[in-house]
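The values are calculated or read from the model by the stated rules, or taken from the named source; none is laboratory data. Since we're looking at a predicted model, the values are computed, not measured. Cβ sites come from the backbone with ideal geometry, for glycine too, and all protein chains shown count toward neighbours. The accessibility values were calculated without ligands, DNA or RNA, using every heavy atom of the protein model including side chains. Shrake-Rupley method; radii C 1.70, N 1.55, O 1.52, S 1.80 Å.
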Amino acid sequence: MPPTDPGLRYSSDDTRRSQLPPECGTLPEGGPPPASPGDPAAGPLLDNLAGWGPAETPAGPFTLMPVRLDRDLDRITGWMNDPAVAAFWELVGPPETTAAHLRGQLDGDGRSVPCLGVLAGVPMSYWEIYRADLDPLARHYPARPQDTGIHLLIGGAADRGRGLGTILLRATADLVLGHRPRCTRVVAEPDLRNTASVAAFLSAGFHCAGEIELPAKRAALMIRDRAPRQPL
(Lines give C-alpha, C1' and ligand atoms only; values in the text may rest on other atoms or scores of the structure.)
Protein backbone atom coordinates (compact mmCIF):
# COMPACT_ATOMS: atom_id res chain seq x y z
CA MET A 1 0.00 0.00 0.00
CA PRO A 2 1.47 3.40 -0.88
CA PRO A 3 1.94 5.86 1.96
CA THR A 4 -1.08 7.91 2.85
CA ASP A 5 -0.96 11.66 2.95
CA PRO A 6 -1.23 13.50 6.27
CA GLY A 7 -4.19 15.70 5.47
CA LEU A 8 -4.18 19.00 7.32
CA ARG A 9 -0.88 19.99 8.88
CA TYR A 10 -0.79 19.84 12.65
CA SER A 11 0.11 23.18 14.18
CA SER A 12 0.78 24.32 17.73
CA ASP A 13 -1.19 27.46 16.82
CA ASP A 14 -4.24 25.27 16.26
CA THR A 15 -3.63 23.72 19.67
CA ARG A 16 -3.74 27.11 21.31
CA ARG A 17 -6.85 28.21 19.42
CA SER A 18 -8.92 25.09 20.02
CA GLN A 19 -10.71 24.80 23.34
CA LEU A 20 -10.14 21.60 25.26
CA PRO A 21 -13.18 19.57 26.29
CA PRO A 22 -14.37 20.04 29.90
CA GLU A 23 -13.13 16.61 31.02
CA CYS A 24 -9.57 17.45 30.10
CA GLY A 25 -9.22 20.86 32.15
CA THR A 26 13.97 -0.84 17.61
CA LEU A 27 11.56 -1.90 20.12
CA PRO A 28 13.09 -2.68 23.53
CA GLU A 29 12.32 -6.08 25.02
CA GLY A 30 9.08 -6.01 26.95
CA GLY A 31 7.61 -3.25 24.80
CA PRO A 32 8.13 0.51 24.70
CA PRO A 33 9.32 2.24 27.86
CA PRO A 34 6.55 3.90 29.87
CA ALA A 35 6.00 7.55 29.11
CA SER A 36 6.67 10.09 31.82
CA PRO A 37 3.64 11.84 33.35
CA GLY A 38 4.44 15.02 31.41
CA ASP A 39 4.71 13.24 28.06
CA PRO A 40 1.76 14.07 25.76
CA ALA A 41 1.54 10.37 24.85
CA ALA A 42 0.69 9.62 28.49
CA GLY A 43 -1.99 12.28 28.68
CA PRO A 44 -5.78 12.14 28.84
CA LEU A 45 -6.57 13.46 25.36
CA LEU A 46 -5.71 10.10 23.79
CA ASP A 47 -6.21 7.94 26.88
CA ASN A 48 -2.54 7.23 27.57
CA LEU A 49 -1.62 6.03 24.09
CA ALA A 50 1.86 5.15 25.34
CA GLY A 51 0.38 2.37 27.47
CA TRP A 52 -1.85 0.71 24.88
CA GLY A 53 0.40 -2.27 24.25
CA PRO A 54 0.48 -4.49 21.15
CA ALA A 55 -2.25 -5.77 18.85
CA GLU A 56 -1.96 -9.27 17.43
CA THR A 57 -2.10 -9.37 13.62
CA PRO A 58 -1.58 -12.07 10.97
CA ALA A 59 1.84 -10.49 10.34
CA GLY A 60 2.89 -10.51 14.00
CA PRO A 61 2.44 -8.26 17.04
CA PHE A 62 2.00 -4.59 16.16
CA THR A 63 2.73 -1.73 18.56
CA LEU A 64 2.37 2.05 18.29
CA MET A 65 5.51 3.43 19.92
CA PRO A 66 5.48 7.21 20.56
CA VAL A 67 8.28 8.95 18.68
CA ARG A 68 11.44 10.18 20.42
CA LEU A 69 13.46 12.64 18.38
CA ASP A 70 16.83 11.46 19.68
CA ARG A 71 16.05 7.88 18.66
CA ASP A 72 13.79 8.15 15.63
CA LEU A 73 14.52 11.35 13.70
CA ASP A 74 16.99 9.90 11.19
CA ARG A 75 14.72 6.96 10.38
CA ILE A 76 11.64 9.13 9.84
CA THR A 77 13.62 11.69 7.83
CA GLY A 78 14.76 8.91 5.51
CA TRP A 79 11.18 7.82 4.96
CA MET A 80 10.02 11.39 4.30
CA ASN A 81 12.66 11.70 1.57
CA ASP A 82 11.46 8.60 -0.26
CA PRO A 83 9.76 9.92 -3.43
CA ALA A 84 6.73 7.65 -2.91
CA VAL A 85 6.20 9.14 0.54
CA ALA A 86 7.10 12.70 -0.43
CA ALA A 87 4.39 12.74 -3.09
CA PHE A 88 1.79 12.96 -0.32
CA TRP A 89 3.58 14.10 2.85
CA GLU A 90 5.60 16.92 1.24
CA LEU A 91 8.29 16.90 3.94
CA VAL A 92 11.35 16.41 1.74
CA GLY A 93 14.42 18.01 3.25
CA PRO A 94 17.03 17.74 5.98
CA PRO A 95 16.33 16.36 9.46
CA GLU A 96 15.35 19.85 10.62
CA THR A 97 12.32 19.76 8.31
CA THR A 98 11.06 16.51 9.79
CA ALA A 99 11.95 17.62 13.32
CA ALA A 100 9.86 20.79 12.97
CA HIS A 101 6.87 18.68 11.89
CA LEU A 102 7.30 16.31 14.83
CA ARG A 103 7.87 19.04 17.42
CA GLY A 104 4.54 20.60 16.51
CA GLN A 105 3.03 17.51 18.11
CA LEU A 106 5.64 16.56 20.71
CA ASP A 107 5.54 20.06 22.24
CA GLY A 108 1.74 20.13 22.26
CA ASP A 109 -0.83 18.96 24.77
CA GLY A 110 -1.28 15.42 23.45
CA ARG A 111 -4.10 15.90 20.98
CA SER A 112 -1.79 14.51 18.26
CA VAL A 113 0.88 11.89 18.99
CA PRO A 114 3.46 10.81 16.37
CA CYS A 115 4.33 7.11 16.58
CA LEU A 116 6.49 4.47 14.99
CA GLY A 117 4.55 1.41 13.92
CA VAL A 118 6.58 -1.57 15.14
CA LEU A 119 5.68 -4.90 13.54
CA ALA A 120 7.19 -8.07 15.02
CA GLY A 121 9.87 -5.93 16.69
CA VAL A 122 10.79 -3.94 13.55
CA PRO A 123 9.94 -0.22 13.14
CA MET A 124 8.41 -0.11 9.66
CA SER A 125 5.79 2.65 9.53
CA TYR A 126 4.98 6.13 10.84
CA TRP A 127 1.61 7.07 12.33
CA GLU A 128 -0.09 10.13 13.73
CA ILE A 129 -2.95 9.40 16.11
CA TYR A 130 -4.92 12.56 16.78
CA ARG A 131 -8.13 13.97 18.19
CA ALA A 132 -10.00 14.77 15.00
CA ASP A 133 -12.63 16.71 16.94
CA LEU A 134 -9.91 19.09 18.20
CA ASP A 135 -8.09 19.30 14.86
CA PRO A 136 -8.59 21.74 11.96
CA LEU A 137 -10.18 18.77 10.16
CA ALA A 138 -13.27 19.25 12.35
CA ARG A 139 -14.06 22.43 10.39
CA HIS A 140 -14.61 20.33 7.27
CA TYR A 141 -16.94 17.53 8.41
CA PRO A 142 -19.60 16.98 11.12
CA ALA A 143 -17.21 15.90 13.86
CA ARG A 144 -18.37 14.09 16.96
CA PRO A 145 -16.80 14.40 20.42
CA GLN A 146 -13.78 12.11 20.81
CA ASP A 147 -13.46 11.31 17.07
CA THR A 148 -9.95 9.92 16.60
CA GLY A 149 -8.01 10.43 13.36
CA ILE A 150 -5.10 8.55 11.85
CA HIS A 151 -2.39 9.39 9.33
CA LEU A 152 0.17 6.82 8.25
CA LEU A 153 2.96 5.92 5.91
CA ILE A 154 4.64 2.59 5.26
CA GLY A 155 8.37 3.24 5.47
CA GLY A 156 10.07 0.62 3.33
CA ALA A 157 9.26 -0.15 -0.30
CA ALA A 158 9.44 -3.88 0.48
CA ASP A 159 6.52 -3.51 2.91
CA ARG A 160 4.24 -1.80 0.40
CA GLY A 161 1.83 -3.39 -2.03
CA ARG A 162 1.40 -6.69 -0.19
CA GLY A 163 -1.60 -6.06 2.04
CA LEU A 164 0.17 -4.84 5.17
CA GLY A 165 -1.59 -1.48 4.99
CA THR A 166 -4.99 -3.13 5.40
CA ILE A 167 -3.75 -5.34 8.26
CA LEU A 168 -2.21 -2.44 10.15
CA LEU A 169 -5.13 -0.07 9.57
CA ARG A 170 -7.49 -2.67 11.00
CA ALA A 171 -5.17 -3.28 13.98
CA THR A 172 -4.75 0.42 14.69
CA ALA A 173 -8.48 1.11 14.53
CA ASP A 174 -9.00 -1.81 16.93
CA LEU A 175 -6.38 -0.35 19.29
CA VAL A 176 -8.06 3.07 19.23
CA LEU A 177 -11.55 1.71 19.85
CA GLY A 178 -10.31 -0.78 22.43
CA HIS A 179 -8.47 1.81 24.53
CA ARG A 180 -10.67 4.88 24.01
CA PRO A 181 -14.10 3.92 25.37
CA ARG A 182 -15.58 7.38 24.70
CA CYS A 183 -14.55 7.29 21.03
CA THR A 184 -17.28 5.98 18.75
CA ARG A 185 -15.40 6.11 15.45
CA VAL A 186 -12.00 6.40 13.79
CA VAL A 187 -11.64 8.78 10.84
CA ALA A 188 -9.13 9.42 8.06
CA GLU A 189 -8.95 11.65 5.00
CA PRO A 190 -6.70 10.19 2.29
CA ASP A 191 -6.25 12.09 -0.94
CA LEU A 192 -8.77 10.90 -3.54
CA ARG A 193 -5.89 10.44 -5.98
CA ASN A 194 -4.36 7.84 -3.65
CA THR A 195 -6.68 5.07 -4.78
CA ALA A 196 -4.58 2.30 -3.22
CA SER A 197 -4.83 4.00 0.16
CA VAL A 198 -8.60 4.43 -0.12
CA ALA A 199 -8.91 0.76 -1.07
CA ALA A 200 -6.84 -0.29 1.95
CA PHE A 201 -9.11 1.70 4.28
CA LEU A 202 -12.17 0.05 2.75
CA SER A 203 -10.63 -3.39 3.16
CA ALA A 204 -9.83 -2.57 6.81
CA GLY A 205 -13.49 -1.98 7.68
CA PHE A 206 -13.77 1.74 7.00
CA HIS A 207 -16.53 3.15 4.80
CA CYS A 208 -16.42 6.26 2.65
CA ALA A 209 -18.75 8.90 4.10
CA GLY A 210 -18.23 11.32 1.20
CA GLU A 211 -15.69 13.71 -0.24
CA ILE A 212 -14.37 16.78 1.56
CA GLU A 213 -12.45 19.77 0.26
CA LEU A 214 -9.37 20.45 2.38
CA PRO A 215 -6.90 23.32 1.91
CA ALA A 216 -4.36 21.17 0.06
CA LYS A 217 -6.44 18.38 -1.46
CA ARG A 218 -9.79 16.80 -2.12
CA ALA A 219 -10.11 13.87 0.25
CA ALA A 220 -12.22 10.82 0.91
CA LEU A 221 -13.69 10.93 4.41
CA MET A 222 -13.14 7.40 5.70
CA ILE A 223 -14.90 6.26 8.89
CA ARG A 224 -14.63 3.11 10.95
CA ASP A 225 -17.57 2.92 13.35
CA ARG A 226 -17.39 1.22 16.73
CA ALA A 227 -20.66 -0.62 16.10
CA PRO A 228 -21.00 -2.61 12.87
CA ARG A 229 -23.03 -0.80 10.23
CA GLN A 230 -26.35 -2.40 9.44
CA PRO A 231 -26.75 -3.61 5.83
CA LEU A 232 -29.18 -1.66 3.70
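With a 10 Å radius around each residue's Cβ, average the other Cβ atoms per peptide and rank 207-216, 93-102, 164-173, highest first.
On the way: 207-216: 12.5, 93-102: 15.8, 164-173: 23.3.
So the peptides 207-216, 93-102, 164-173, ranked by packing, come out 164-173, 93-102, 207-216.
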Expressed in nm to one decimal, what extension gain is obtained for the pair HIS207 and GLU56 from 0.36 nm per residue of sequence separation less their Cα-Cα distance? 52.1 nm
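Could you calculate the FRET efficiency of ALA227 with ARG162 from 1/(1 + (r/R0)^6), where r is the beta carbon distance between them and R0 is 45 Å, rounded to 0.05?
0.90
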Return the sequence-ordered ³J(HN,Hα) values of the stretch 170-184 in whole Hz as given by the Karplus equation 6.51 cos²θ - 1.76 cosθ + 1.60 applied to θ = phi - 60°, using x for Gly and Pro. 5, 5, 5, 4, 5, 4, 4, 5, x, 10, 10, x, 8, 8, 9
Where the stretch 45-95 is the region considered: accessible area per residue in Å², 1.4 Å probe: 44 Å²
List the relative contact order of the stretch 146-232 as a percent without decimals, with contacts defined as Cα pairs under 8 Å and 6+ residues apart. 30 percent
Measure out, as a whole number of angstrom, how far apart the alpha-carbon centroids of the stretch 61-77 and the stretch 181-232 sit. 25 Å
